[in-house]
Amino acid sequence: MKTILTITCLSVLALASPAQAKGCIKGAIVGGVAGHMAGHGKLGAAAGCAVGHHEANKQNPNNSNAQAPSGQK
């Protein structure tokens with residue numbers, strides 16, 4: 001059963017596009033380690049992936065599309 005789950009997870013990771021996985025891998029590693037320390041490694045990895053993906057897609061407030069008004073007339 002574990003081998004089937006492992007193969008499924010690896011194939012999903014292989015087929016996922018890099019744009020969708022942005023932040024997920026880093027968050028999953030951090031969440032997995034933190035979850036492992038608490039005794040819930042898989043839950044921590046899933047939550048870390050979700051948080052990492054959210055943080056990676058967050059808009060940068062310093063990089064807005066609006067142009068600042070120029071001081072020239």
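Coordinate-derived values only; no laboratory data. The shown structure was predicted, so the numbers you read here are calculated from the model rather than taken from an experiment. No Cβ is skipped: glycine too gets one built from the backbone with ideal geometry, and neighbour counts run over all protein chains shown.
Report the Stokes-Einstein translational diffusion coefficient (µm² s⁻¹, integer) for the stretch 18-57, Rh taken as the Kirkwood radius over Cα pairs, at 10 °C with viscosity 1.306 mPa s.
171 µm²/s
Using mean Cβ contacts within 10 Å as the protection proxy, how do 30-40, 44-54 order, highest first?
Ranked by mean Cβ neighbours within 10 Å, highest first: 44-54, 30-40.
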